[in-house]
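Trainee: Sharing a structure here in structure tokens format.
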């Protein structure tokens, strides 16, 4: 059994806790959180501490907190044994400032506390400072996911950028679409089938080939008509993306 301590209580930590608790060869010995804000999302049987000096002995310590807090937080850890890993896609391995062995355990997914996820289908990118620790982290990752890859800090940063385009930016497009729906008094629900079809299509079709729409066809008449009905940032975004699609297809 691989003993693990989870440090953090946000969206990622909530889902990791569920995965660790269910895994057959993981002994989820403790979690750390400064407060009690999200305690209701965690199983009450998991031991908890709010004191870093009282961390239990474990093989792996998983830091699941905000990216910009990792360095300062990890510097407070006095651990000399065990492997300390963070879960960030954008932060390098050396962001960890503790004296213990270091690594990265990055689950590539968007996390919301209220959403149910099958962790087995979530890709995990791993990295260790010492090659001797890679087998431990690999076995640990495979305990909760069927998709584990060794990816270094430089590659992982590029992967995170790709994920921002694929997830965060696309979700912002949904936000703009909903704003347009709301202003014009029709439900955002009418767009959900096309959103699902687009997401399903790229599972089997190259996104370049899956591209459709007026910019793909370079239909300037429709593009200009759409632009005439938009203003401000929405107009700028529509123009920029349309121009980018047209250039990509020339």
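Trainee: Check whether at least one residue in segment 159-173 is in contact with a strand residue (DSSP E or B) (Cβ under 6 Å, 6 or more places away or on another chain) and at pLDDT 95 or above, and report yes or no.
Mentor: no
Trainee: Out of 48, 80, 132, which single residue is at pLDDT below 95 and either more than 17 Å from residue 26 (Cβ to Cβ) or surrounded by fewer than 17 Cβ atoms within 10 Å (Cβ to Cβ) (or both)?
Mentor: Within the list 48, 80, 132, the selection yields 80.
Trainee: Looking at segment 53-60, is at least one residue part of a helix (DSSP H, G or I) and surrounded by fewer than 17 Cβ atoms within 10 Å (Cβ to Cβ)?
Mentor: Scanning segment 53-60, I find at least one residue that is part of a helix (DSSP H, G or I) and surrounded by fewer than 17 Cβ atoms within 10 Å (Cβ to Cβ), so the answer is yes.
Trainee: Within segment 241-250, can you find the residues that are surrounded by 11 or more Cβ atoms within 10 Å (Cβ to Cβ) and more than 15 Å from residue 210 (Cα to Cα)?
Mentor: 241, 242, 243, 244
Trainee: Could you tell me which residue of segment 1-26 is nearest to residue 74 (Cα to Cα), considering only residues that are out of contact with any helix residue (DSSP H, G or I) (no Cβ under 9 Å at 6 or more places or on another chain) and part of a strand (DSSP E or B)?
Mentor: Filtering segment 1-26 for residues that are out of contact with any helix residue (DSSP H, G or I) (no Cβ under 9 Å at 6 or more places or on another chain) and part of a strand (DSSP E or B), the one nearest to residue 74 (Cα to Cα) comes out as 5.
Trainee: For residue 238, which of the numbered conditions (1) surrounded by 14 or more Cβ atoms within 10 Å (Cβ to Cβ); (2) at positive phi fails to hold?
Mentor: (2)
Trainee: Can you tell me how many residues in segment 36-72 are within 21 Å of residue 137 (Cβ to Cβ) and in contact with a helix residue (DSSP H, G or I) (Cβ under 9 Å, 6 or more places away or on another chain)? Steps first, please.
Mentor: Taking segment 36-72 and keeping what is within 21 Å of residue 137 (Cβ to Cβ), we get 55-65, 67, 70-71.
The next check asks that each one be in contact with a helix residue (DSSP H, G or I) (Cβ under 9 Å, 6 or more places away or on another chain); those that pass are 59-60, 62-65, 67, 70-71.
Residues meeting the conditions: 9.
Trainee: While we're on this one: Of all the residues that make up segment 214-234, how many are within 29 Å of the chain's Cα centre (by Cα) and either at positive phi or surrounded by 12 or more Cβ atoms within 10 Å (Cβ to Cβ) (or both)?
Mentor: 1
Trainee: OK, next. Given the criteria surrounded by 12 or more Cβ atoms within 10 Å (Cβ to Cβ) and at positive phi, does residue 185 qualify?
Mentor: No.
Trainee: Would you mind telling me which numbered condition in (1) buried (at least 19 other Cβ atoms within 10 Å of the Cβ); (2) over 14 Å from the mean Cα position of the chain (by Cα) residue 156 fails?
Mentor: Condition (2) is where residue 156 drops out.
Trainee: Which ranges mark the helices (runs of 4 or more DSSP H) fully within segment 157-250 that have 1 or more residues being under 30 Å from residue 91 (Cβ atoms)?
Mentor: 170-183, 192-201, 207-210, 232-248
Trainee: Just to be sure I understand, how many residues within segment 83-100 are surrounded by fewer than 22 Cβ atoms within 10 Å (Cβ to Cβ) and not in a loop (DSSP other than H, G, I, E, B)?
Mentor: Looking only at that region, the number is 3.
The values are calculated or read from the model by the stated rules, or taken from the named source; none is laboratory data. The shown structure was predicted, so the numbers you read here are calculated from the model rather than taken from an experiment. Please note: Cβ atoms are built from the backbone with ideal geometry, for glycine as well, and neighbour counts cover all protein chains shown.
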